[in-house]
Amino acid sequence: ELTEQIKVSLIRNLTNLFTISNEQAKFSNCIFIKENDNDYIINDIFKSALQDEKFYFQINEILDFALERYQKYYQNKYKDTNLVLYQKYTYEEVCYLLNWPQKINPNAMAGYFYEKTTHTMPVFINYIAPDKKRVDYTNEFLSNTLITAYSKSNRKLDSSDAKHIYNANEEQNKLYLFVRKPSEDKEAKEFYFLGEIIAQGNPEFAPKYNGFKILYKLDTPVRADIFDYLTTVTV
């Protein structure tokens, strides 16, 4: 079941090419395979390290743990992705699991980032449940299948962002929703994956944010416990 796209993604990860360019030197020893006659074999440094029995044991322990977690939590893939509904993911994990050629700096990822080779755009939302004390909030679940969101600032109704979002079908783009409660997840920045979303109607100019407002419809209604958790005001 290994597609060519996933194969390329795996190779880039195992050869340190997935890492951001300015971080590649930091992980220069984290190269596990190398090219050999149009194929790949184990890299010399990794092969040599495996001669150490303790290291060999630790590697196998990690692999056993990873396989166990995969079988327990990550086998139920959503549609044709490597993602699982309602599991939590970091920015870096999303880049990798969407088969992007390279990790993107989190500051560039925040909110929206369109990756042209895979035609994917993850939408990251820091959700603050509306309440009487807070009038100014930007995103709101209208139901378990509808959510309003806002573009990045300095975006016009005919910007490339708007085209990627509203012409998703023509461009064969896939938009995926990731939501977190920033008040309860300040360190890890892990987002619940809520599936594919489709923009409804037309973008609405939002002068206050110097951008535009979007109404998204979720392909899958948010599961009740996750919906209640995200929309309940934290005391």
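The values are calculated or read from the model by the stated rules, or taken from the named source; none is laboratory data. The structure displayed is predicted, hence computed values, not measured ones. Virtual Cβ from ideal backbone geometry, glycine too; neighbours counted across all protein chains shown.
Numbers for the structure displayed
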{"quantity": "Pairs with Cβ under 8 Å, 6+ apart, first in segment 214-235 and more than 18 Å from residue 198 (Cα to Cα), second in a strand (DSSP E or B)", "calculated": "226/192; 226/194; 227/141; 230/141; 230/179; 230/192; 231/141; 233/131"}
{"quantity": "Residue list for segment 143-178, filter: touching a residue at least 60 places away in the same chain (Cβ under 8 Å) and of a type in the set (A, V, I, L, M)", "calculated": "146, 147, 149"}
{"quantity": "Residue check for residue 72: over 21 Å from residue 3 (Cβ atoms), among the basic types (Lys, Arg), in a helix (DSSP H, G or I) and under 27 Å from the mean Cα position of the chain (by Cα)", "calculated": "yes"}
{"quantity": "Qualifying residue in segment 12-32 (condition: surrounded by fewer than 11 Cβ atoms within 10 Å (Cβ to Cβ), among the hydrophobic types (A, V, I, L, M, F, W, C) and under 24 Å from residue 103 (Cα atoms))", "calculated": "yes"}
{"quantity": "Test result for residue 221, under 22 Å from residue 129 (Cα atoms), exposed (fewer than 13 other Cβ atoms within 10 Å of the Cβ) and under 20 Å from the mean Cα position of the chain (by Cα)", "calculated": "no"}
{"quantity": "Helices (runs of 4 or more DSSP H) contained entirely in segment 103-191, each with at least 1 residues that are within 18 Å of the chain's Cα centre (by Cα), at pLDDT 90 or above and not aromatic (Phe, Trp, Tyr)", "calculated": "160-166, 168-171"}
{"quantity": "Candidates 60, 22, 29 - the one that is more than 25 Å from the chain's Cα centre (by Cα), modelled with pLDDT under 95 and either in a loop (DSSP other than H, G, I, E, B) or polar (S, T, N, Q) (or both)", "calculated": "29"}
{"quantity": "Boolean, residue 85 is of a type outside the set (Lys, Arg), assigned to a helix (DSSP H, G or I), farther than 28 Å from residue 22 by Cα and modelled with pLDDT of 95 or more", "calculated": "no"}
{"quantity": "Check on residue 88, among the charged types (D, E, K, R) and touching a strand residue (DSSP E or B) at 6+ places or on another chain (Cβ under 7 Å)", "calculated": "yes"}
{"quantity": "The lone exception for residue 45 - which of (1) within 26 Å of residue 188 (Cβ to Cβ); (2) of a type in the set (A, V, I, L, M); (3) surrounded by fewer than 16 Cβ atoms within 10 Å (Cβ to Cβ) it fails", "calculated": "(1)"}
{"quantity": "Complete set of residues in segment 44-66 that are touching a strand residue (DSSP E or B) at 6+ places or on another chain (Cβ under 9 Å) and within 16 Å of residue 28 (Cα to Cα)", "calculated": "44, 46, 47"}
